[in-house]
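As structure tokens, the structure follows; a few thoughts come after it.
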């Protein structure tokens, strides 16, 4: 069965870049999109979009931001196991810590180069297919320049 | 005139004793005449009575002196109270001003933070799409057009660096950092890992002594030494391969045990007259065409050293290299800074 990604981002350019890069990596993958946390949650509950294999979540969004969405999602028994990657412009260590606290799988700063986005999604897609979610974060950060790394004091 | 202690000495002693100095004193003396009276009043007496004197006069003088003393004490109390009120009012004003100053300082930092954070997104997109133009449509563009695109890329890279600089500067100012034991050897090892590529590209050699463990905020200390090492790599001379020596010694500084960490390079250096200016925010000693940067790196280092109740100083010789000396107390008095 083909895998499903859900990208939640209020920025249409970023959603477009994301789905385009994802399609170039694996055209079989379904990429659902939502413009903020509230819309994503509503459509998930209404089953307008099927349960995703992984979520890419922006932080700064109107209506319901990434943190609020993540908190809600982790409180719902049927959704709390869905891995969420916080995917943001921020490269702030504090944001990374919040993401970890709220149960995000990984914190990734949006890359500037499209080629890097494709590489990053290549890593994620292969691990999603193999259901090796635990390896995603380490392998993505091994690319370098993907924002603050976890598990290091400084 | 009295045996053991005469009237004048007693008067002097009374006036010198705070608890009783306001007590009215009437000198009683057989010495008549203007001179004796003036001498007595000048010595601090309130009144002067020449013997022999009548009982009624004595009573009248005592009463009037007590009344005057009471009035004086009341006036003094009144004055002291007014003074206290004025001081209280001024203190309040100062406190209010201080709070509003702090507030506007925080607002300014918050503004810098928000502004630079919001700028990151559009700048990232400019980079992404110029990159895509070059990579995906580069073949269709004339050389001149590609040159222009590369100029856009270069300028946006500089913007990114500056935005990151302003962001880390404002974050540094706003967040209290918990104090913990920091092994400077580990800090430098992390820095070397993170600068691996630059170090390899420049052929730089880093020589590092065994460094101490001290109390501090790890994130901040990392940033401080990262900036120093990064500068040493960046401001290298074209002639020699960068050689960076990191040494330390323990010392005593204004009553505190400190670590003195020295970062020395063989780069382009700077004129010694500029040694204070280099720690100012947005100060640049070199043209930005040759050396990129935010103009905030060393300002940040200074802030971090001072937040740890330490200091940073620089000595340089143009064309020969720079030496940065960071002094950091081994222990901090508070749980966070």
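The values are calculated or read from the model by the stated rules, or taken from the named source; none is laboratory data. Just so it is clear, the model here is predicted, and its values are computed rather than measured. With ideal geometry, Cβ positions are generated from the backbone for all residues, glycine too; neighbour counts draw on all protein chains shown.
For this structure, a couple of remarks:
- Checked against the criteria, residue A:116 counts as more than 14 Å from the chain's Cα centre (by Cα), without any contact (Cβ under 8 Å) to a residue 40 or more places away in the chain, at the interface with another protein chain (Cβ under 10 Å from one of its Cβ atoms) and within 18 Å of residue B:131 (Cβ to Cβ).
- Between B:172, B:184, B:214, the distinction of being closer than 30 Å to residue B:249 by Cβ, more than 12 Å from chain A (Cβ to nearest Cβ) and in contact (Cβ under 8 Å) with a residue 40 or more places away in the chain belongs to B:214 only.
- Residue match in region A:72-85 (condition: in contact (Cβ under 8 Å) with a residue 12 or more places away in the chain and within 12 Å of another protein chain (Cβ to nearest Cβ)): no
- Within region B:100-124, residues that are over 28 Å from residue B:154 (Cβ atoms) sit with their Cβ atoms under 8 Å from residues that are in a helix (DSSP H, G or I), at 6+ positions apart or across chains, in these pairs: B:106/B:174; B:109/B:170; B:109/B:173; B:109/B:174; B:110/B:170; B:110/B:174.
For (1) over 30 Å from residue B:167 (Cα atoms); (2) assigned to a strand (DSSP E or B), each residue gets a yes or a no:
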| residue | (1), (2) |
| --- | --- |
| B:3 | yes, no |
| B:10 | yes, no |
| B:45 | yes, no |
| B:48 | yes, yes |
| B:66 | yes, no |
| B:71 | yes, no |
| B:74 | yes, no |
| B:85 | yes, no |
| B:98 | no, no |
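- Residues considered: B:275, B:336. Of these, the only one that is under 20 Å from the mean Cα position of the chain (by Cα), more than 25 Å from residue B:219 (Cβ to Cβ) and modelled with pLDDT under 95 is B:275.
For every residue, the table says whether it meets (1) within 44 Å of the chain's Cα centre (by Cα); (2) modelled with pLDDT under 90.
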residue: B:93; (1), (2): yes, no
residue: B:102; (1), (2): yes, yes
residue: B:105; (1), (2): yes, yes
residue: B:109; (1), (2): yes, yes
residue: B:113; (1), (2): yes, yes
residue: B:125; (1), (2): yes, no
residue: B:140; (1), (2): no, no
residue: B:145; (1), (2): no, no
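- Remark: residue B:252 falls outside the filter, which requires a residue to be under 23 Å from residue B:319 (Cβ atoms) and without any contact (Cβ under 8 Å) to a residue 40 or more places away in the chain.
- Restricting attention to region B:217-236, the residues being touching a strand residue (DSSP E or B) at 6+ places or on another chain (Cβ under 9 Å) and either within 14 Å of chain A (Cβ to nearest Cβ) or in contact (Cβ under 8 Å) with a residue 40 or more places away in the chain (or both) number 11.
- Residues within region B:142-158 that are within 11 Å of chain A (Cβ to nearest Cβ) and surrounded by 15 or more Cβ atoms within 10 Å (Cβ to Cβ), tallied: 2
- Against the numbered list (1) part of a helix (DSSP H, G or I); (2) within 14 Å of another protein chain (Cβ to nearest Cβ); (3) closer than 22 Å to residue B:131 by Cβ, residue A:94 comes up short only at (3).
- Filtered by the rule that a residue be out of contact with any strand residue (DSSP E or B) (no Cβ under 8 Å at 6 or more places or on another chain) and on the phi < 0 side of the Ramachandran plot, region B:196-209 gives B:196, B:197, B:198, B:200, B:201, B:202.
- Selection from region A:31-52 of residues that are farther than 16 Å from residue A:76 by Cα and within 14 Å of the chain's Cα centre (by Cα): A:31, A:32, A:33, A:34, A:35, A:36
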